[in-house]
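Reading through the structure tokens given below for one structure.
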Amino acid sequence: MKYMKFLNFIKRHAIIMSSLFVLLLIVTSFGLKVVSTNAIMPFGGKIQKVTYCTCSLNLAIMVGPPGPGVFTYEPGASTIKAFYQIFRPGPWVLGSYTPGGVCTSWYICGMYPCCLPDMTTPPPIGTISEAGTSM
């Protein structure tokens, strides 16, 4: 009996019920969490230079061809496999990175120390996700 009354109410107030349904859909769609992912891109080549970033506590690694660029190694976030030779120039490295990264070092600004982007290395193009090295 109550069910029939509810159906009659919906039939008589179709515009109100449709509006409430659309409003519910709009509110729900804005409430959903959208997770963005960074593209994982490959790189690889011979390690040409390693810069220790004293302020950001990471490494900037300059890699030569065939997949060149400057990449940051973040302890705890980057995974290194194989021979773990990421800390010196010479070995070959192959891996993947996500865009973005920073290498800052301590400099003297006037009379006080400050963190600035490292001036001895070009800015990094990405942060290493995982990589493997040769001996």
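No lab work stands behind these numbers, since they all come straight from the coordinates. For clarity, every value in this text was computed on a predicted model and none was experimentally measured. Here the Cβ is made from the backbone with ideal geometry for all residues, glycine too, and neighbour counts use every protein chain on show.
Which of rounded, prolate, oblate describes region 69-120, given a ≥ b ≥ c as roots of the alpha-carbon gyration tensor eigenvalues and a/c under 1.5 marking rounded, otherwise prolate only if a/b is larger than b/c?
prolate
From Cα pairs below 8 angstrom and at least 6 apart in sequence, can you work out the relative contact order of region 35-135, rounded to a whole percent?
Normalised by residue count, the contact order of region 35-135 is 34 percent.
Quickly rank 48-58, 82-92, 103-113 as a protection proxy: mean count of other C-beta atoms within 10 Å, highest first.
Listed from highest to lowest mean packing, they are 48-58, 82-92, 103-113.
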